[in-house]
Each structure stands twice: as C-alpha cells, then as structure tokens.
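Each value in this text was obtained by applying a stated rule to the coordinates, not by laboratory testing. Computed from a predicted model, the values in this text were never measured in an experiment. Please note: Cβ atoms are built from the backbone with ideal geometry, for glycine as well, and neighbour counts cover all protein chains shown.
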Amino acid sequence: MGLDIRVITATEFPAWLLAVRRGFLEASAEGLQEDAAARLARTDLSRVRGAFDGERCVATFRSFAQELTVPGGARVAVDAISGVTVAPTHRRRGLLSRMMAADLAEAKERGEVAATLIAAEYPIYGRFGFGPATSLTEWEVDLTRSGLDRGVPLAGGAPDGGRVEFVDAEDVAKLGPEIHARLAARQHGVVDRPASWWGRHTGVGVQAVDKWTEPFYVLYRSVSGEPEGLVTYRTKDDWSDGKQPRDSVIVSQLIAATPAAERALWGFVCSIDWVTTVRSGYRAPDDLLPLLLPDPRAARVVTHTDWLWTRVLDTPRLLAARTYAREATLVLDVRDDAGLAGGVFRLDASPHGAVCAPDTRSADLTLDVRDLSAVQLGDESVQRLVALGRIDENRPGAAALADGAFRTARRPWCPDVF
C-alpha cells in the first residue's frame, strides 16, 4: 500500500498522538485515550496532518494560530508548528517536505506573515527557509559566592515600595494573562499564551493527564497594588552530612511587566532560606539576573542555544510591521525556492515605522529567506552573515546600514516552548 498524507480526523487522533509519542522517544501508550481526549478539545484538526502507511501513522505535523511580538511592540499573526515527527522506518521519503509545503502554503493563504517553531535538531529546518531568530541562556547561581546579604530577604517587600506575596493557582490563572500581555507589549520575540496554556500550567479548569506537582507561585505588586510580575518555581531538598541545608530553586517561569518587578522577583528567589543554588530557567541572553548579583561570576552559564526559529512568509508585511533603530533605505533581493516570500523589495525603515514594497531597482543585499528569517527580529548580524558568505553585499556599506537599522538594544526572547 502507498503512503497517504492527509489532514486527520478525530478518530485518527489517538493513533496520531501515539506516533508523536514514539517520535519523541516516549514509547508507552499508557493513558493515551485520556491524553488524546484532553488534547483534542484544544486542537484545530484542520491543521493536523499525518502520513499513513496502511492504518499506521508514520509521520506527524501540527500547526496552530499564534501571535508574535516584533520590535516596536506590534503583534503579528504567525503559523506555529509543532508535533513534527517521522518514524525511523519511513525516513528519507519526503514526508516532512510534503507536510511542510502544504502547511506553509495554507498559512500564506490565511495571511500569516511568518511561521515559527522550536527546533529539536539544528540541521533540519534551514532547508525549509527557517532561521534561528532568538536564543536563550540558563544560569546556575551559587548564592554562597554571590555576595548577596542573605540577612535581609525581600520576602516582605521590594525597594521601590512594592511587595511580593505567595499566591495560588487560581490567582495565577486570573492574573497571569494580563502580566504576560504587558510583557509581550514590550519584549519582542514573545509569543501569545491562550487560555488553555494557563490551564495546563496551573491545573485550573483542565483535565489532568499527567502527574502534577504544585509549584510555588509568587506575585509582585507595584506600590499601587497592581500585579506586575510572577515567578513559578520548584525546590529540590538537599542537606549536607553536617546538617547544613543546601537546597536548590528551579525557576519554571519568571515574567515581568516592568524592570522593577523583574528585580524584585529575582531578589526574592535569591533570598529564600536554606537555598544555596538557583537555576534560572530559560532566559534571554541579556537577562538582568547576573548583573543583579554583587559578584556576577556566581552565575554560571549552563545552557546557551538557539531557540525560536522563524520563517518569513510575507516579506513586505512582516518588515513593515516592526520599527527600526535608525532611518535606512535598503533594497533587498530575497531568494525563496518555495516561492512564498521571494522578490526584490525596497524597505524604508525608521524608528517610527516602515514601508516595504516590491521594487525593480538593483538590490543592496541579496539573501536567502532563511537568513532574512534569522535577522528579522534584530538578533543576528547582517555583517556576520556577509562574512560567512551567506548574504551578498552588492553596495558597499549596505550591511552596516542594515545592522544599524535591524539590530535592537535588548535581545529578542521567547519564554515558551511549543
């Protein structure tokens, strides 16, 4: 029997989910039906594809609607891709290529300006026009070497008159979305969190299919009482042979609408009794945490890697949606073998906005869509890609001009995995 790639039905969803589990090396089918029922309620099946060899699902692909913050604070509609697997028995048969092509074409037709994903393996997605647009860093802080005054914890308040307080899951589900929305308005690279995200990460209003250990939730309120920050963490208990506590805090998420909230929450986390080590969770590479410490060397980098990958689908609309660090006019020749985002475009950029439209003039820069996808959030350097031979600088100085416009003062950050 031949291989059939199709949009799946509700009755095929458990088989599709089992294939996803196997693809991510989770072989057990335990609780599959319950898990499938819970996931199906929040899944748009019109955007779920599977490849079938007879009745067996051997490749999976899912996308869903998402919003992405670009520099300047605008939110753009993008096509988020997840659940991508191909069974080891069916590799090198073009299954992913066919599913990706169909999904990106539909996203373009819907008017989504880009696609996003978190790449499990680096080499896969560049050939489909994706480029790494953000990176992340995780620190481990040795509080015994940090220089912090452990005798003055911040549990009762923050230096600006705000306060931190423990809250429960219901408070997080209620207050978290607004805090996150304020973060998304100021931090490019952030993606939206629908109501189902808050349910899954608090256990509120959703069917539990996995074992759930309630974390600690701590909220920061400004001096006026407004919720402005939230940290979620768990602890790991450890005592020395000499009965000295050396517990660890593992941060799951820390989101803040203001720098004051961010400082206060890190101050709280680093002042908890018994705790000698803090794992920061996945942060922006230029996060405040290390420089909040009297001795920043106490924060050791344990992870640094690419994170959110993007794929431009509509070059004029995406580049016109963001603001730029300086005024610049650039003609870009974007090459796209898939025929989705290619062409010659003139970009008139400024700190107040931009205009981007097709053009017939000679290009200042010639680049593949994967490289435009990597630079569009402002983290990657055009000059570095020129030095690597991936971008052609047709007019001297054009790469420096592009960097001066595209690069951002703070680095993009995506706090989520999907």
Taking the Cα centre as origin and putting +1 on Lys and Arg beta-carbons and -1 on Asp and Glu beta-carbons, what dipole magnitude results for segment 1-42, to the nearest 20 debye?
140
Alpha-carbon radius of gyration plus Dmax, which is the widest Cα pair, for segment 278-410 in Å
17.1, 55
Whole-angstrom gap from segment 1-46 to segment 356-370, using each part's C-alpha centre:
41
Can you give me the convex hull volume of the Cα atoms of segment 16-165, divided per residue and expressed in Å³?
234
Please report the Cα spread of segment 218-362 along all three principal axes, rounded to whole Å, starting with the longest.
75, 40, 25
Which listed residue (Val223, Ser271, Leu95) has the Cα farthest towards the positive end of the charge dipole for the chain, taking +1 on Lys and Arg C-beta and -1 on Asp and Glu C-beta about the Cα centre?
Leu95
When the helix-only estimate is applied to the chain (DSSP H runs of n ≥ 4, each -39,500 (n - 2.57), divided by the residue count), what is the mean residue ellipticity at 222 nm, nearest 500 deg cm²/dmol?
-7000 deg cm²/dmol
For the chain, the Kirkwood Rh over every pair of distinct alpha carbons, in Å, works out to 23.4
Looking only at Val301, Val375, Val113, which one moves most when the chain is put into a Gaussian network model with springs between Cα atoms under 10 Å?
Val301
Relative contact order of the chain, pairs being alpha-carbon contacts under 8 Å that are 6 or more residues apart, as %
18
Just to check, using Stokes-Einstein with a Kirkwood Rh over alpha carbon pairs, what's the diffusion coefficient of segment 369-418 at 4 °C and 1.567 mPa s in µm²/s?
111
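Give the longest segment of the chain that steers clear of GluC sites (Glu not before Pro) in DSSP loops with at most 14 neighbouring Cβ atoms within 10 Å, not counting the sites themselves.
Longest run free of exposed loop sites: 122-326.
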Low-density loop positions, chymotrypsin sites (Phe, Trp or Tyr not before Pro), segment 300-393 - DSSP coil, at most 14 other Cβ in 10 Å:
none
Can you give the local net charge around Gly162? Use residues other than it whose beta-carbon is closer than 14 angstrom to its beta-carbon, Lys and Arg +1, Asp and Glu -1.
-2
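How large is the charge dipole for the chain, taken about the Cα centre, if only the Cβ atoms of Lys, Arg (+1) and Asp, Glu (-1) carry charge, to the nearest 20 debye?
Taking the Cα centre of the chain as origin, the dipole is about 540 debye.
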Local electrostatic count, Thr85, Cβ distance below 12 Å [Lys/Arg +1, Asp/Glu -1]
+3
Listed residues His188, His180, His90, most fluctuating in the chain (Gaussian network, C-alpha, under 10 Å):
His90
For the chain, whose charge dipole is built from +1 on Lys and Arg Cβ atoms and -1 on Asp and Glu Cβ atoms, the candidate among Phe130, Pro351, Ala257 with its Cα farthest towards the positive end is Phe130
Name the residue, out of Asp237, Asp379, Asp336, whose mean-square fluctuation peaks in a Gaussian network model built on the chain with Cα pairs under 10 Å.
Asp237
